[in-house]
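**Q** This is the structure I want to talk about, given as structure tokens.
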Amino acid sequence: YGCATPSVSKTNGLKSGFYYRMGAGYYQDGNYIMAMQEFIKAARYNPYSAKNYNAMGIVYMETYREGKAVSCFKKAVSLDGGFSDAYYNLAVIYVKRGLYGRAEKNLKKALANPFYEAPFKSYTLLGKIYIKERKFDKAEKVLLISGALDKKYFRTYYYLGKLYFLTGKQAESIANLKDALKLNPGYVPASSLLREIYHVHYGQVNRKGEK
């Protein structure tokens, strides 16, 4: 008849939740050492909770231990096949490593969950991948979907700006980069690309006008 889903006692479940919340608090304060210690305790009391391993993976990722992060995220999705955040986190690491095929597969798994709370993040990361692969039509499609789902995610506008820059649509590129900077004025990639466009494109126009 099927295997029962593993579970822990109510007491251990409560303890796991307590240590998870403690870890989340330390993480928000930037104390990654204490955060990891609390997340490990949480996983010890409930080794069947995917969110405990996802949290550990995030700390490993933030502290440049990506191999251990990958192991934790894989453990999380093995426990919960619909854990979109863990699939997204795996994809982030794979993109950094240039493993775009693996990243795309994980993002599509994240997006397969109809209850995913932040699908726009996965669509935007897909857009980044397609830009890297020079699949510009696909990139525009997923980035526009992302923008429709959440109009305040600055990275969507940045990658639209980058896409339009690469495809020679300077006005559209500038407009999207400005939108990205309105949402996040300190986002250096957007301001750097905007300066490059003004320098390369408009600088050339001005020099031609001087002649």
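The values are calculated or read from the model by the stated rules, or taken from the named source; none is laboratory data. Model, not experiment: these values are computed from the prediction. Every residue, glycine as well, gets a Cβ built from its backbone with ideal geometry; the counts of neighbours run over all protein chains shown. Ligands, DNA and RNA are excluded from the accessible area calculation, which covers all protein heavy atoms including side chains. Shrake-Rupley method; radii C 1.70, N 1.55, O 1.52, S 1.80 Å.
**Q** Looking only at the range 150-165, count every residue that is of a type outside the set (Gly, Ala, Ser), more than 14 Å from Ala118 (Cβ to Cβ) and open to solvent by less than 30 Å² (accessible area, probe 1.4 Å) and tell me the total.
**A** Number satisfying all stated conditions: 5.
**Q** Name the residues in the range 52-108 that are of a type in the set (Gly, Ala, Ser) and open to solvent by 60 Å² or more (accessible area, probe 1.4 Å), would you?
**A** Of everything in the range 52-108, those that are of a type in the set (Gly, Ala, Ser) and open to solvent by 60 Å² or more (accessible area, probe 1.4 Å) turn out to be Ser71, Ser78.
**Q** Test Ser173 against the criterion of being farther than 21 Å from Phe83 by Cα, touching a Gly at 6+ places or on another chain (Cβ under 7 Å), modelled with pLDDT of 95 or more and not basic (Lys, Arg), and give yes or no.
**A** For Ser173, the condition - farther than 21 Å from Phe83 by Cα, touching a Gly at 6+ places or on another chain (Cβ under 7 Å), modelled with pLDDT of 95 or more and not basic (Lys, Arg) - is met.
**Q** Could you tell me which residue of the range 123-149 is most open to solvent (accessible area, probe 1.4 Å), considering only residues that are within 20 Å of Lys109 (Cβ to Cβ) and not in a helix (DSSP H, G or I)?
**A** If we take residues in the range 123-149 being within 20 Å of Lys109 (Cβ to Cβ) and not in a helix (DSSP H, G or I), then Lys135 is most open to solvent (accessible area, probe 1.4 Å).
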